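**Student:** Got a structure for you, written out below as structure tokens; questions coming shortly.
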Amino acid sequence: MAELRINAKWMASVSGEPEVMATAAWVEMYVDNISLNRNQDIWAETVRDNVFVSAYPLAMWFASSWWRLNHEPLPMQQPGHNWRMVHELGAANHGFVWPRVIFIPDGEAIHVWAGTSMTLDQSVQYLQALDVPRMITLTGFQQSVERFIHSVLARLDAMGLAGPNLAHLWALVQEDLADPEAVRRRKLEAELGFDPEECPEQALNAALQWESQVGDAALSELAPAIAASGATPDLAIIGQLASVGGIVGIPELSPDSIDHLDHGAPWERAIHDARALRNKIGNVSGPVPDRSLHDLLGMSSEAAANWSAPLGRSPVAVAIPMNDHRLKFVPRRHSSAGKRFELARFLGEYLRPSTHELRWLVSTDLSTFRQKYQRAFAAEFLCPIDLLTSFLDGDFSSYAIEEAAAEFDVSEQTITSLLLNNGYIHHHGTGSMPYRMAA
């Protein structure tokens, strides 16, 4: 995991509002040893790792965005203006030119993306881009931001400006952080895409009621997926999923049946666990037949074959605990390969260690830690990368990928993703950001 450092060297200024002048500084921001503020000052004709701005608007942006920065994941589609204003550093604005940096939480870490910003009419040209996002632990991110905000508040206090908006806003955040019930509500509001106290009361109450039934971890996956899909924020879809029929199964194994990797990125843990499961069942390198997958989940192959997902496109699929250790699986994919991959995702999620004996298992298209783990587990379990590359034998053409998909009974997209993630093929695009951005 990387470390975020934000420092300010205070300087004198003669323009701007009092709190802006008082916090004029050379600001530097590093992820490990990489400067996110590396820039060329067009007027001074210099290249520096810090930039002359006011730290006040940056601290205000961090404080006002706190809950959503920490808990609102990236939506499945192109993010809207409201989402971007609380995740893109440039929204700090206040007339200053900021680097093109994006902070995206996944439930366990904050992913930092950075791209160059070379607009011709800007006096500052930001030069640093990250080829891949860097991951910062959620706690590490929070501590770094807190230290920066406290340094700005101390500067304001030293300059005789102890009562500006920042102090009041940060006091509210601290008050909420000290109250477990307030934290619960703020986190849910953020997951639903709302700023503090702006979520409709009916929607928030509905989410709080569902939390006791589905579990807090499951709701943290359900709420943002449903909200991002454009469905009403009252989460009525959860009730519909609970009431429909499904595929009932009693999984053969338990989470402690295999040794788990308890550190690393989600895909690293997933690959380890998928290989451990293959060793456990005595199939290290061969294809996994449907019947074997169904047996592991304790479900009838006939029931799985006859299951038809509800019409339309559901933003989530779930597996719901029932009596006698049974689970009711409600997949959402319609194609054979899609259903097979989804069941493998459920298997990986079921085998993850958890402190919750009865918990809903949730599969979505979001990029949270859990969903990335599920996708990587299913891909490696159904189509081990070593076996895949042996089958392809250096041929990564579309025809070879089509044949591999048929051989392992997965989608061509799964094959392509495996090859991309393991460096066998590469994207031809030039963008390094998680979504399309304006020039």
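**Student:** Suppose we keep only residues that are closer than 23 Å to Trp83 by Cα and either open to solvent by less than 30 Å² (accessible area, probe 1.4 Å) or acidic (Asp, Glu) (or both) within the stretch 204-214. Which one would you say is farthest from the chain's Cα centre (by Cα)? Don't jump to the end; show me each part of the working.
**Tutor:** Kept after step one, since they are closer than 23 Å to Trp83 by Cα, are these residues of the stretch 204-214: 204-208.
Subsequent filtering for residues that are either open to solvent by less than 30 Å² (accessible area, probe 1.4 Å) or acidic (Asp, Glu) (or both) retains 204, 206-208.
Values: Leu204: 22, Ala206: 24, Ala207: 20, Leu208: 22 Å.
For the stretch 204-214, the residue satisfying everything is Ala206.
**Student:** Also: Would you point out the residue of the stretch 52-84, among those that are without any contact (Cβ under 8 Å) to a residue 12 or more places away in the chain and assigned to a helix (DSSP H, G or I), that is most open to solvent (accessible area, probe 1.4 Å)? Explain how you work it out, then say what you get.
**Tutor:** Here is the first cut: in the stretch 52-84, the ones without any contact (Cβ under 8 Å) to a residue 12 or more places away in the chain are 80-81, 84.
Narrowing the set further to residues that are assigned to a helix (DSSP H, G or I) leaves 81, 84.
On the way: His81: 137, Arg84: 56 Å².
Among residues in the stretch 52-84 that are without any contact (Cβ under 8 Å) to a residue 12 or more places away in the chain and assigned to a helix (DSSP H, G or I), the one most open to solvent (accessible area, probe 1.4 Å) is His81.
**Student:** Evaluate the following for Gln174: is it assigned to a strand (DSSP E or B), more than 13 Å from Pro434 (Cβ to Cβ) and either of a type in the set (S, T, N, Q) or open to solvent by 50 Å² or more (accessible area, probe 1.4 Å) (or both)? Before you say what the answer is, go through the steps one by one.
**Tutor:** On the way: assigned to a strand (DSSP E or B): no; more than 13 Å from Pro434 (Cβ to Cβ): yes; either of a type in the set (S, T, N, Q) or open to solvent by 50 Å² or more (accessible area, probe 1.4 Å) (or both): yes.
Answer is no for this residue.
**Student:** Where residues in the stretch 177-231 are of a type in the set (Asp, Glu) and touching a residue at least 60 places away in the same chain (Cβ under 8 Å), which of them is farthest from Arg68 (Cα to Cα)?
**Tutor:** Within the stretch 177-231, the subset of a type in the set (Asp, Glu) is 179, 181, 189, 191, 195, 197-198, 201, 211, 216, 221.
Checking which are touching a residue at least 60 places away in the same chain (Cβ under 8 Å) leaves us with 189, 191, 195, 221.
Working: Glu189: 8, Glu191: 7, Asp195: 7, Glu221: 15 Å.
Looking at residues that are of a type in the set (Asp, Glu) and touching a residue at least 60 places away in the same chain (Cβ under 8 Å), I get Glu221.
**Student:** Could you count how many residues in the stretch 241-275 are within 22 Å of His325 (Cβ to Cβ) and either assigned to a helix (DSSP H, G or I) or in contact with a Leu (Cβ under 9 Å, 6 or more places away or on another chain) (or both)?
**Tutor:** 18
**Student:** Right, another one. Look at the stretch 310-341 and say how many of its residues are surrounded by fewer than 20 Cβ atoms within 10 Å (Cβ to Cβ), outside any loop (DSSP other than H, G, I, E, B) and without any contact (Cβ under 8 Å) to a residue 60 or more places away in the chain.
**Tutor:** Adding up the residues that qualify gives 2.
**Student:** Would you call Ala217 open to solvent by 10 Å² or more (accessible area, probe 1.4 Å), modelled with pLDDT of 90 or more and over 26 Å from Gln77 (Cα atoms)?
**Tutor:** Here the answer is no, as Ala217 does not meet what is asked.
**Student:** Sticking with this structure for a sec: Return only the number of the condition from (1) among the acidic types (Asp, Glu); (2) open to solvent by 50 Å² or more (accessible area, probe 1.4 Å); (3) within 23 Å of the chain's Cα centre (by Cα) that Asp195 does not satisfy.
**Tutor:** Failed condition: (2).
**Student:** Take the conditions open to solvent by less than 70 Å² (accessible area, probe 1.4 Å) and in contact with a helix residue (DSSP H, G or I) (Cβ under 6 Å, 6 or more places away or on another chain) and apply them to Val284. Does it pass?
**Tutor:** On the way: open to solvent by less than 70 Å² (accessible area, probe 1.4 Å): no; in contact with a helix residue (DSSP H, G or I) (Cβ under 6 Å, 6 or more places away or on another chain): yes.
It is false that Val284 is open to solvent by less than 70 Å² (accessible area, probe 1.4 Å) and in contact with a helix residue (DSSP H, G or I) (Cβ under 6 Å, 6 or more places away or on another chain).
**Student:** Also, quick follow-up: Is there any pair with a first residue in the stretch 125-139 that is on the phi > 0 side of the Ramachandran plot and a second that is among the hydroxyl-bearing types (Ser, Thr, Tyr) whose Cβ atoms are under 9 Å apart and which are 6 or more apart or on different chains, and what are they?
**Tutor:** none
**Student:** When the stretch 1-51 is examined, which residues are found to be open to solvent by 50 Å² or more (accessible area, probe 1.4 Å), more than 17 Å from Thr116 (Cα to Cα) and of a type in the set (D, E, K, R)?
**Tutor:** Answer for the stretch 1-51, where residues must be open to solvent by 50 Å² or more (accessible area, probe 1.4 Å), more than 17 Å from Thr116 (Cα to Cα) and of a type in the set (D, E, K, R): Glu3, Arg5, Lys9, Glu17, Asp32, Glu45.
**Student:** Also: Where the second residue is part of a loop (DSSP other than H, G, I, E, B) and the first is under 13 Å from Met29 (Cβ atoms) and lies in the stretch 1-17, which pairs have Cβ atoms under 8 Å and are six or more apart or on separate chains?
**Tutor:** Ala2/Asp32; Glu3/Asp32; Ala8/Thr23; Lys9/Asn50
**Student:** For the stretch 237-266, give me each residue that is more than 27 Å from Leu277 (Cβ to Cβ), over 26 Å from the mean Cα position of the chain (by Cα) and aliphatic (A, V, I, L, M). Write out each step before concluding.
**Tutor:** Taking the stretch 237-266 as the starting set, the residues that turn out to be more than 27 Å from Leu277 (Cβ to Cβ) are 237-240, 242-245.
With the extra rule that they be over 26 Å from the mean Cα position of the chain (by Cα), the set shrinks to 243-245.
Answer for the stretch 237-266, where residues must be more than 27 Å from Leu277 (Cβ to Cβ), over 26 Å from the mean Cα position of the chain (by Cα) and aliphatic (A, V, I, L, M): just Val244.
The values are calculated or read from the model by the stated rules, or taken from the named source; none is laboratory data. Given the structure is predicted, the values throughout are model-derived calculations rather than measurements. Note that we place each Cβ from the backbone using ideal geometry, even for glycine, and neighbour counts take in every protein chain shown. Ligands, DNA and RNA are stripped out before the accessible areas are found, and what is left, the full protein with its side chains, is counted by its heavy atoms. Shrake-Rupley method; radii C 1.70, N 1.55, O 1.52, S 1.80 Å.
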